[in-house]
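Structure first, commentary second.
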Amino acid sequence: MAVLPRGRGRRAVLGSLALAAIGTPLAIAQPWASAGSHPTPQPGGPLWLPDAHRDGLKAFEGIEADRANKHPNRKGTYVVTEQDHWRFNIWKDDRDPTGGGDRQRTEVRGMVSGGRPVKMLDGETWRLAYDMFIPATLHGTSHFTHIFQTKTPKTNAGPWVTISLTRSGKTEMVRFQADSTNGNPSIAAHELAPLHETWTTVEMTLRIGASGSAGVVLKAASNGKPGISSVICSGTRNNIKIPDQNDYVRPKWGIYRSLRSAPADILDTYLLLRNFSATKLG
């Protein structure tokens, strides 16, 4: 039997063993090994600064996975914590009840600090930052695969801005785009292959509103080592629709993908995220 790293909770063990049992490899070279502890939010700093060990799933407003309860044996294994990060597991036979069963999702929604939702409102500018680890089994697809979305809860409108894994022929891309703006304009993009099996840092700046703006910088994660934060790609666009619609804008993270893509791209897989922060800039 494999020896599990110390400090992992029961939910993390269940999630990892479930994937191992069906043949999906765990993250290569212990991708959780290099990051340190996450500080507590301070006055004037981030309004959301969750810690995987301290906050666990309470860092989010809720989880969206197996909402039709087709796989009760997987309950508690879709989103789990491991050391310093959150792990999002998905299986190729998962089905979400929306879209007539043509899609699947393992997502968390919203940001919670001190037991209350952190809300992004019209006229405000926010910076969201986090690290992500994309395994080689998480492919770009010809139909949608989102690993980040922004939506408005009351109307379920959007997604306004997404991070998507796409495919055109043999080329897979990670693409930052404004999905509900006319023409679905791209904000920044980069080939996906070099980002597989490594940690990268995402920094997004969002100005909320019907004519807002969105900027992104994708960097190699420093892993606590100074001088290792090279920019991979970046971009900014104005006149982007990110309206709160008299409610608020809520981010979502995880894997939400169409099953209309090639079966070879729909594998049992996962996504790792860590070092979340949300800072109100104005």
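For this structure, a couple of remarks:
- When each of the peptides 188-198, 48-58 is scored by how many other beta carbons lie within 10 Å of its residues on average, the order from highest to lowest is 48-58, 188-198.
- Residues in segment 111-128 carry Karplus couplings, in order, of 10, 10, 9, x, x, 10, x, 8, 10, 9, 10, 3, x, 8, 10, 10, 10, 10 Hz; the curve used is 6.51 cos²θ - 1.76 cosθ + 1.60 with θ = phi - 60°, and Gly or Pro positions show x.
- The amide H of G209, built 1.01 Å from its N in the peptide plane, has G123, I242, D244 as neighbours under 5 Å, considering only residues 5 or more places off or on other chains.
- At an R0 of 22 angstrom, the distance between the Cβ atoms of E61 and R127 translates into a FRET efficiency of 0.65.
- Length released on extending from L47 to K119, taking residue separation times 0.36 nm less the Cα-Cα span: 24.9 nm
- Ordering of 235-241, 214-220 by packing is 214-220, 235-241, highest average first (other Cβ atoms within 10 Å, averaged per residue).
- Inter-probe distance in nm under a simple model that places probes 7 Å from Cα toward Cβ, at N69 and A193: 4.6
- Environment charge at L121 (Cβ cut-off 10 Å; Lys +1, Arg +1, Asp -1, Glu -1): -2
- Across segment 128-150, the residues whose backbone nitrogen lies under 19 Å from the label position 7 Å along the beta-carbon direction of S222 are 128-133.
- Sites T155 and S230, calculated FRET efficiency, Cβ-Cβ separation with R0 45 Å, nearest 0.05: 0.70
- Pairs exceeding 24 Å between alpha-carbon atoms, taken from K58/K119; K70/K151; K170/K241; K119/K219; K75/K119; K241/K280: K70/K151; K170/K241; K119/K219; K75/K119.
- Between Q245 and R54, full extension at 0.36 nm per residue minus the direct alpha carbon distance yields a gain of 65.5 nm.
- Built amide H within the under 5 Å cut-off of G235, gap 5+: V216
- 16 Å reach of a label modelled at S211, 7 Å along Cα-to-Cβ, counting backbone N of segment 101-136: 122-124
- Computed lengthening from D102 to T171, 0.36 nm per intervening residue step minus Cα-Cα distance: 22.5 nm
Values quoted throughout were computed directly from the atomic coordinates according to the rules given, and no laboratory measurement underlies them. Since the model is a prediction, treat every value here as computed from it, not as a measurement. Positions of Cβ are generated from backbone atoms using ideal geometry, with glycine treated the same way; all protein chains shown enter the neighbour counts.
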